[in-house]
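The next block holds one structure in the form of structure tokens; read it before the comments.
The values are calculated or read from the model by the stated rules, or taken from the named source; none is laboratory data. Quick caveat, the model's predicted, so the values are computed rather than measured. Cβ sites come from the backbone with ideal geometry, for glycine too, and all protein chains shown count toward neighbours. Each accessible area value is taken on the protein alone, full model and side chains, heavy atoms only, with ligands, DNA and RNA left out. Shrake-Rupley method; radii C 1.70, N 1.55, O 1.52, S 1.80 Å.
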Amino acid sequence: MADLSELYQQVILDHNKKPRNFKALETPSITQEGHNPLCGDHITLQLELDGEVVKDVGFQGSGCAISKASSSMMTAAVKGKSKAEVEVMADEFVKMVRGELDPDTEENHLGRLKIFAGVKEFPARVKCAALSWRTVQAAISESHDAVSTE
Ligand code: ZN
């Protein structure tokens with residue numbers, strides 16, 4: 001059993017303290033809301049699309065360290081990617097934190113996002129980590145219904 005200090009690795013703490021892309025966009029193509037009522041995490045995600053490509057991305061909101069760090073790393077990971085690439089990463093990330101994908105033995109595109117693999121040991125935190133990815137999935141699918149992890 002991993003302990004909590006292992007989960008709260010330096011990189012998660014760093015992204016929580018200095019989140020990347022924590023801003024409102026001036027000309028967003030899409031604004032998408034996401035909530036995790038279980039923990040109280042909330043994210044407002046904005047994407048600026050250039051055709052199929054995420055040209056710029058910003059998020060605002062509040063939440064626990066895991067949700068904030070996940071949002072920060074998600075925005076850094078999707079910037080410059082196509083919608084199809086983001087869809088694949090979101091699917092892999094959600095599977096990884098649920099323990100359905102082992103990033104060390106199965107092919108994936110997660111790169112540094114692998115540090116969230118330890119979240120699967122903490123069921124209450126899985127929705128916190130997945131929230132930003134569920135939100136970006138909804139944003140690019142253009143359903144635009146507010147995301148709730150419940
Ligand atoms: Zn949370």
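Inside the range 104-137, can you point out the residues that are over 12 Å from F93 (Cβ atoms), in a helix (DSSP H, G or I) and modelled with pLDDT under 95? Those that are over 12 Å from F93 (Cβ atoms), in a helix (DSSP H, G or I) and modelled with pLDDT under 95: G118, E121, P123, A124, R125. For the range 105-135, a residue qualifies if it is hydroxyl-bearing (S, T, Y) and either within 13 Å of the ligand (Cβ to nearest atom) or under 17 Å from E85 (Cα atoms) (or both), and the qualifying residues are S132, T135. Could you look through the range 71-130, keep only residues that are in contact with a His (Cβ under 7 Å, 6 or more places away or on another chain) and of a type outside the set (A, V, I, L, M), and pick out the one that is most open to solvent (accessible area, probe 1.4 Å)? Filtering first and then ranking leaves E92.
Only one of the numbered conditions (1) among the aliphatic types (A, V, I, L, M); (2) within 22 Å of A124 (Cα to Cα); (3) in a loop (DSSP other than H, G, I, E, B); (4) in contact with a Gly (Cβ under 9 Å, 6 or more places away or on another chain) is violated by L101, and that is (4).
With respect to the conditions (1) touching a helix residue (DSSP H, G or I) at 6+ places or on another chain (Cβ under 7 Å); (2) within 16 Å of the ligand (Cβ to nearest atom); (3) β-branched (V, I, T); (4) under 19 Å from Q137 (Cα atoms), I12 falls short on a single one, namely (4).
Any idea which residue in the range 32-59 is nearest to the ligand (Cβ to nearest atom), counting only those that are surrounded by fewer than 19 Cβ atoms within 10 Å (Cβ to Cβ) and in contact (Cβ under 8 Å) with a residue 60 or more places away in the chain? Step through it out loud before you land on a result.
Step one: filter the range 32-59 for residues surrounded by fewer than 19 Cβ atoms within 10 Å (Cβ to Cβ), giving 33, 37-40, 42, 44, 48-53, 55.
So of that shortlist, the ones also in contact (Cβ under 8 Å) with a residue 60 or more places away in the chain come out as 33, 37-39.
Working: E33: 16, P37: 10, L38: 8, C39: 3 Å.
Per the criteria, the residue is C39.
Looking across the range 60-70 at every residue that is surrounded by 24 or more Cβ atoms within 10 Å (Cβ to Cβ) and among the hydrophobic types (A, V, I, L, M, F, W, C), the one that is nearest to the chain's Cα centre (by Cα) is identified as A69.
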